[in-house]
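> I have a structure here, written as structure tokens, and I will follow up with some questions on it.
The values are calculated or read from the model by the stated rules, or taken from the named source; none is laboratory data. What you see is a predicted model, and the numbers here were worked out from it, not measured in a lab. Backbone-built Cβ (ideal geometry, glycine too); neighbour counts: all protein chains shown. Keep in mind that these areas ignore ligands, DNA and RNA; they rest on the heavy atoms of the full protein, side chains included. Shrake-Rupley method; radii C 1.70, N 1.55, O 1.52, S 1.80 Å.
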Amino acid sequence: MSNAPTPSDADAPADEVPATEAPATEVHGYPITDSRGQTVVHVPRDKYVSLIKLLADDGYIQASDLCGVDYLTHPRRTLPDGVVAERFEVVVNLLDIEHRRRLRVRVQVPSDDATCPTLFDVHPGTEAMEREAYDMFGISFTDHPDLTRILMPEDWDGHPLRKDYAVGAIPVQFSNDYATAGRPSVVPGVPS
């Protein structure tokens, strides 16, 4: 084996640095961004399930999280060119265990049609997470096998994590001076 330069090495200028691959700007044709070191792909709602299937074929076989987000108070958030901001988002975190990769998928969901296709057929573990997004934000998942409330009672009105949901209050009864309220002190050494 010889250490002699090959003709291609001899023709290259000594100060030339080998070209590195430019960072990707798309995944399967959809724009990506970076959020705190994590790759985020932005997909239209009507292409959501087909992208998730492609990503599963690429090794992203675990959906570790799915949640809803209400951007009512942040309508001017940063999104890639061509992605129109909507009030709601469905956010899915995917893992590729074999290659130790993580990917976040963000789907814009309009408030006047707060629906998104279910991922149940691709990732059955998202069933409860989709129910939670429905219960808390009112985002319906089409073709979901059991889209019912999971945290709130079935007869509850509204969706508590929406930014325009009225904050309720339960009056708390207490006394500023517990001892004068006719109750014994619970602090050792303090007379009642």
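> Return yes when Arg76 is part of a loop (DSSP other than H, G, I, E, B), out of contact with any Pro (no Cβ under 7 Å at 6 or more places or on another chain) and surrounded by fewer than 18 Cβ atoms within 10 Å (Cβ to Cβ) and no when it is not.
It is true that Arg76 is part of a loop (DSSP other than H, G, I, E, B), out of contact with any Pro (no Cβ under 7 Å at 6 or more places or on another chain) and surrounded by fewer than 18 Cβ atoms within 10 Å (Cβ to Cβ).
> Can I ask one more? Exactly one condition in (1) aliphatic (A, V, I, L, M); (2) open to solvent by 30 Å² or more (accessible area, probe 1.4 Å); (3) not in a loop (DSSP other than H, G, I, E, B) is false for Val84; which is it?
Only one criterion is unmet by Val84, namely (3).
> What number of residues in the stretch 101-125 are in contact with a His (Cβ under 9 Å, 6 or more places away or on another chain), open to solvent by less than 40 Å² (accessible area, probe 1.4 Å) and within 12 Å of Ala63 (Cα to Cα)?
Matching residues across the stretch 101-125 total 1.
> Look at the stretch 135-183 and say how many of its residues are part of a loop (DSSP other than H, G, I, E, B), at pLDDT below 80 and surrounded by 10 or more Cβ atoms within 10 Å (Cβ to Cβ).
Residues meeting the conditions: 3.
> Take Ser2 and decide whether it is polar (S, T, N, Q), modelled with pLDDT of 95 or more and either closer than 30 Å to Glu130 by Cβ or open to solvent by 50 Å² or more (accessible area, probe 1.4 Å) (or both). Step through it out loud before you land on a result.
Values: polar (S, T, N, Q): yes; modelled with pLDDT of 95 or more: no; either closer than 30 Å to Glu130 by Cβ or open to solvent by 50 Å² or more (accessible area, probe 1.4 Å) (or both): yes.
So Ser2 does not fit the description; no.
> In the stretch 36-52, which residues are surrounded by fewer than 15 Cβ atoms within 10 Å (Cβ to Cβ) and either among the charged types (D, E, K, R) or at positive phi (or both)?
Scanning the stretch 36-52 gives Arg36, Gly37, Asp46.
> Exactly one condition in (1) part of a strand (DSSP E or B); (2) charged (D, E, K, R); (3) farther than 21 Å from His159 by Cα is not met by Glu89; state its number.
Failed condition: (3).
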